[in-house]
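What follows is one structure encoded as structure tokens, with my remarks underneath.
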């Protein structure tokens, strides 16, 4: 008999089948192989290479079963015995044959970890002698191990006091001598100053909350009344974007925002320049289309007459000049913050005309393919890319499902996605599934796959007391693997869906740099291990080892077995890294961190959420309320910086917490899903169907006002990327075109000439790798080497390249292949 479906009383527009977990794709599939889980457990058993194995003593051996153990046993990490030296040398020689295993070998060699099935000598004499390079690590990753040694009675009290003091220091956190300044006044005034500043910060926080309460009361009883409140409720009750747009238009009509759209002048963009460029662009496009229709059958690649090309050249120059990121302010968020839907009519006309002109330049026969390639290459670099950034926030991260659902249904989901902590779990789901799969997954029934917090307090409290972590790393690895389709790597996810996944991880060492895992920086890193590392908040989940997949499909430790933890502690939104790796300069941030949402306030309105009174020209809560809010928030920020720069903050649980309020948390567009007080109570609880339905609905509602701005941005960006793909020459991975610059290759084509075949682009599916072998020019001039399709990257193209240059390119190509495979 089928289990009855749990349908809540309030469905938020979801059909009954959306609450049926059996409709989820691969709901009962176990994607994680047994050997991959064993490799992860063994990596957790290994000592951290940051610490020397010689610092530890010995302890009794652990059970041999791996999969039967939990992270409670793994975190305690009882000692392991190294194999005999002969076996160790043999294993090292075998590892040398496989460069992929070097990272795992180095991690294990730090303490000579034995395999779980090998016998371990017992006995006090062996343990006292330290034979076999045995090691132990802390039962608590955030506190040191202190082995109890029997001694004289005169030192018993001293040792007991020293152990207690060191345990307190490990929990409270202290800075090392190298990290603090010397001086009597520093030691004398540090703690009093910390108490005074801390008390002042608490007072400012109380005053800030009182100010926010006043502003909420002001808006609720003064701004939102009558017909305005009725229209607002109609907007919040919608579950489809089309219905929301209709309700938003009604609100704009009631508030008189349509008149603002018709006026061109606005202080936050150059309306005069936008109007002139728009009119000139439209004239050039119309004339160029007229010339295009009179050309008749002109072969692609042939140029028109010089006089006929004037209009298309002018249009090309205009596109090169204005298709840039935030050209004269047309992408200023203020332009979309005065109405609930849309922007200035002039701005909308400009964006639509840019779209038409780019489409025409992409398909016109008046430009050669090389001219198109240069055009789209330039504007692609100037315009940049868009990224979706999902913040951390424990169970608040489930609001991201609604944000992703709104973007997906509107076909506005960016290809670059980054996630941190809880947002990394959502990003991993999005980046490993296709659009069709996501549409079936983003329903309330998805809550049945979220069972990380299912354990009762009698279980997790015992683990927390013993290991310092509430949750089990191994259990989370099993559950997380479903969200990432097993041990899929960043490169495999990119190849499957075309989406670029990025996950922020912070090393356990407080002074090491963070890492943004993606298919460029860590292509073979397993996604579920990065998600676990990004969610390893001190006290919640102990730092874990990143895993990487070898060519044989096995998992080994990544980065020599170093441990990583929650990325939101330092880089919740990695905007700089995204710009560096993928030219991202337009970010959509879904921010759900509870300690940040409390302080979010936009006094002049935000995108799609204008100030309701005084036709958008007023201040939220009145000028006095907004001014007080800004003053208190800036003063709080100032004193937090004082604590950090004067090195007054301790490091509880060994973590530097100074960045949790002082890093960048917003983007070009910032989405703030509306939470409820009960979310703070259930911050570490699994959602049920009712809560998941509400969180998806609220996530959609928070994203709807931003979609018009995103649509205008992606409308141009996707056309530019399409033109870039269609005009980019065919390049085979590892070919000489990936080594030589485009200018060098063009000079080779012009100077040395092309011999045989054609330079037309081919798919590469019509021939096999065996048909592309390097040939010697037997009948050509001396000192010239001919490269075929494999080396040149173009099917059927044979280039005359000097032997020295060809040899250099081939050597660099081989070295790059070895490095990529390693």
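Just need the relative contact order of the range 390-430 here, percent rounded to a whole number, with Cα pairs under 8 Å and 6+ apart.
Relative contact order here is 57 percent.
What is the P(r) of the range 226-352, as percent of Cα-Cα pairs per 5 Å bin from 0?
2, 9, 15, 14, 12, 11, 10, 8, 7, 5, 3, 1, 1, 0
Expressed as a whole number of Å, what is the distance separating the alpha-carbon centroids of the range 458-475 and the range 564-602?
The distance from the Cα centre of the range 564-602 to that of the range 458-475 comes to 29 Å.
7 Å from Cα along Cα→Cβ at both residue 602 and residue 454: what's the point-to-point distance in nm?
4.0 nm
Work out the FRET efficiency for residue 495 and residue 440 from their Cβ-Cβ distance, taking R0 = 30 Å, and round it to the nearest 0.05.
According to the calculation, E is roughly 0.90.
Quick check on the exposure proxy: order 562, 581, 697 from fewest to most C-beta atoms within 10 angstrom.
In order of increasing Cβ crowding within 10 Å: 581, 562, 697.
Please check which bits of the range 368-396 a label hung off residue 321 would reach, taking the label as a point 7 Å along Cα-to-C-beta and the cut-off as backbone N under 14 Å.
Within reach of a label on residue 321: no residues.
Can you work out D for the range 311-461 in µm² s⁻¹ from Stokes-Einstein, where Rh is the Kirkwood radius over C-alpha pairs, the temperature is 4 °C and the viscosity is 1.567 mPa s?
The estimated diffusion coefficient comes to 68 µm²/s.
Test of understanding: ordering 572, 509, 686, 252 by Cβ neighbours within 10 Å, fewest first, what list do you get?
If I rank by nearby Cβ atoms, fewest first, I get 509, 686, 252, 572.
What FRET efficiency, computed as 1/(1 + (r/R0)^6) with R0 = 30 Å and r the Cβ-Cβ distance, is obtained for residue 236 and residue 637, rounded to the nearest 0.05?
0.40
So if I restrict to the alpha-carbon atoms in the range 367-414, what is the Rg, and what is Dmax, the biggest pairwise distance, in Å?
17.5, 54
Coordinate-derived values only; no laboratory data. Computed from a prediction, not measured in an experiment: that's the story for all the values here. Every residue, glycine among them, receives a Cβ derived from its backbone with ideal geometry; neighbour counts consider all protein chains shown.
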